[in-house]
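What follows is a short report on a single structure.
The values are calculated or read from the model by the stated rules, or taken from the named source; none is laboratory data. Computed from a prediction, not measured in an experiment: that's the story for all the values here. Positions of Cβ are backbone-derived with ideal geometry, glycine not excepted, and every protein chain shown enters the neighbour counts. The area values use the complete protein model at the heavy-atom level, side chains included, leaving out ligands, DNA and RNA. Shrake-Rupley method; radii C 1.70, N 1.55, O 1.52, S 1.80 Å.
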Amino acid sequence: MAQPELLTAPVGAVVARMRALDAALPARDGVAVFNRVYLAVTEEVDRRLHAGEFPDPRAAAALDVRFAERYLAAVDAAAADRRPPACWRPLFQLRRHPGVRPLQFALAGINAHIGHDLALAVVDACRTLGCAPADLEDEFERVGDLLVSLEERVREDLMPGPDLLQIADPLTHLLGSWSLERARDATWAAARALWALRHCADVAEEFTERLDAVVGFAGRMLLTPLAD
């Protein structure tokens with residue numbers, strides 16, 4: 001088995017890139033809000049890899065790195081004035097909108113990354129490792145459990161206090177309209193479908209484009225500007 005430091009080195013490089021983004025972006029920037037959330041997840045994956053807590057650390061590291069690369073590619077595209085995937089466009093377009101609250105930015109980023117990027121990352125990792133999605137299911141579930149626990153913490157940290165968040169507040173409706181658990185289940189189904197379609201390039205491309213568009217639509221709804 002490869003040494004832990006060899007397995008986690010690529011994850012460490014991803015963590016370093018996210019830390020650099022955190023230092024460079026204004027704190028209220030919508031991408032910065034999501035980046036802090038995702039950095040916490042990736043640091044925890046890195047810690048668990050070093051601690052030997054993944055049954056298959058090579059698979060876990062491959063999935064984590066391929067997953068992160070999708071987000072970082074969207075960041076690079078936006079920085080170069082190129083169009084990022086449709087799932088990311090709402091966050092980059094509205095990242096400085098004063099009417100969008102930090103919790104909305106965080107959830108819109110999670111929506112894009114889980115709803116679209118994770119399915120493609122599973123396929124990327126399978127190609128890297130020479131395996132099928134079923135072989136990565138344990139790693140997928142462990143990373144998903146981390147994301148669910150983090151989403152709960154994000155809601156607690158960024159949710160307005162009970163004196164500010166009333167039942168009629170539009171944010172209450174937006175938060176109730178999206179679920180990471182449901183998004184994760186849909187992502188696993190999408191990853192399996194994409195793997196089954198891997199020899200049908202045209203159909204796989206169309207499936208990916210439709211997935212990207214649908215996730216982008218959900219992200220745009222999550223980023224609906226709200227009055228204070």
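Summary of computed values
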{"quantity": "The chain, relative contact order in percent, only Cα pairs under 8 angstrom and at least six apart counted", "calculated": "28"}
{"quantity": "Stretch gain in nm, segment ASP138-SER177, where the contour uses 0.36 nm per residue and the Cα spacing is subtracted", "calculated": "11.3 nm"}
{"quantity": "11 Å beta-carbon shell around PHE67, net charge (K/R +1, D/E -1)", "calculated": "-3"}
{"quantity": "Theoretical ellipticity at 222 nm over the chain - DSSP helices of four or more residues, -39500 (n - 2.57) apiece, nearest 500", "calculated": "-23500 deg cm²/dmol"}
{"quantity": "Residue-span extension gain [ARG82 to GLU206] - 0.36 nm each, minus C-alpha spacing", "calculated": "42.5 nm"}
{"quantity": "Å² of accessible area per residue within the chain, as computed with a 1.4 Å probe and no ligands counted", "calculated": "49"}
{"quantity": "Leading residue at positive end of dipole, the chain (Cβ point charges), from VAL122, VAL143, VAL14", "calculated": "VAL14"}
{"quantity": "Protein accessible area in the chain, 1.4 Å probe - carbon and sulfur %", "calculated": "55"}
{"quantity": "Highest average packing first - 20-26, 205-211, Cβ atoms within 10 Å", "calculated": "205-211, 20-26"}
{"quantity": "Two-site FRET efficiency, HIS199 against ALA73, from Cβ-Cβ distance with R₀ of 25 Å, rounded to 0.05", "calculated": "0.55"}
{"quantity": "Added length on full extension, which subtracts the Cα-Cα distance from 0.36 nm per residue, ALA20 to GLU44", "calculated": "6.9 nm"}
